[in-house]
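Below is one structure, written out as structure tokens; comments come after it.
The values are calculated or read from the model by the stated rules, or taken from the named source; none is laboratory data. It should be emphasised that the depicted structure is a prediction, and the values quoted were computed from it without experimental measurement. Methodologically, a virtual Cβ is constructed for each residue, glycine included, from the backbone with ideal geometry; neighbour enumeration extends over all protein chains shown.
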Amino acid sequence: MDGDLMMRPSTSRPGGWPARGAALLAALVLALGAALAAVTPAAATPVPAVAGKACVFVRVSGAHGLGHTGWGYQSSTSTYTYGATENPSNNPYVSAGGDIGYWKESGSFTAMVNAMKTRGYDEYTCTTVASRQPAAAAAEALVVSGGGYAAATNNCMDHTYRILTAYGVGFPAQPSWNWAPRVWFDKIADDPAWSLPVVISSPLGVWKVTYCWKNFTCEVSEPWTFKTDGRVYLTDSNGNVISGPYTSTPPTASWLIGTATYLATVDGTTMKGTMSTPTGQTGTWSAQRR
């Protein structure tokens, strides 16, 4: 009997452990899935890109005529952050943590332009980025502020490039291939994605020019902007550049606009000269400060 009982295969009764265990395990799996779903974060909503304006400023006479640049970017709807590395010691190398003349301010667009004008900057050009990154630009500016200075590889132009690149700007010209900041500025301003240079500080001012071709009625031109660095621009009535620069070298200057060659004598208060064309037309012109 005992042997028969020991050899008899066991059978499960309805409601026995195997059935109850399977049901319990299924319930635990469902409960665990629900718990995990409750703590799993929902997919993040994409943050829409916000466009922003970035600007480069130039002081043409800086660095013994090589030029000097500053930077500015739109940090919010009506606020701009702007600054530069001035390197007041003029040393070609300043170690990290040394005084590189770094400064940064915030304010309206007008405040930015006025701050740059007060510090002797001559012009600026701006572009718009599709997705501004002011936090990244601020972080890079902080690195720049304590990162020293090197005339060839870590100068005002490099700092401007690094900060605005972090902001989202794609520059058409690289500092490594344009060692003179004023040349780099001109190449940027020549790119269609950037605005024509806006003159904010012209030592010779903006002049109204009257020109008289021989045997023709005298006319009054759009204003011209004459700069002591020898560049001439055709501007609108607000000093915004329409075309140029045209090469000249005050106090005796010559330049070509269209087919006409203009000769000038400039002493800072009066301006006059002659003009001629390849076809033999001649005339005189005079300028009056606006």
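Structural remarks
- Residue count for region 37-76 under the criterion of being part of a helix (DSSP H, G or I), of a type in the set (A, V, I, L, M) and either in the same structural domain as ALA111 (by TED's automatic domain parsing) or modelled with pLDDT of 95 or more (or both): the result is 1.
- Residue selected from region 55-92 under the condition crowded, with 17+ Cβ neighbours inside 10 Å and polar (S, T, N, Q), by the criterion farthest from ALA139 (Cα to Cα): SER61
- For region 93-103, a residue qualifies if it is crowded, with 16+ Cβ neighbours inside 10 Å and either in contact with a Ser or Thr (Cβ under 8 Å, 6 or more places away or on another chain) or within 21 Å of VAL60 (Cα to Cα) (or both), and the qualifying residues are ILE100, TYR102.
- Yes/no for THR79 being of a type in the set (Val, Ile, Thr), touching a Pro at 6+ places or on another chain (Cβ under 6 Å) and at pLDDT 95 or above: no
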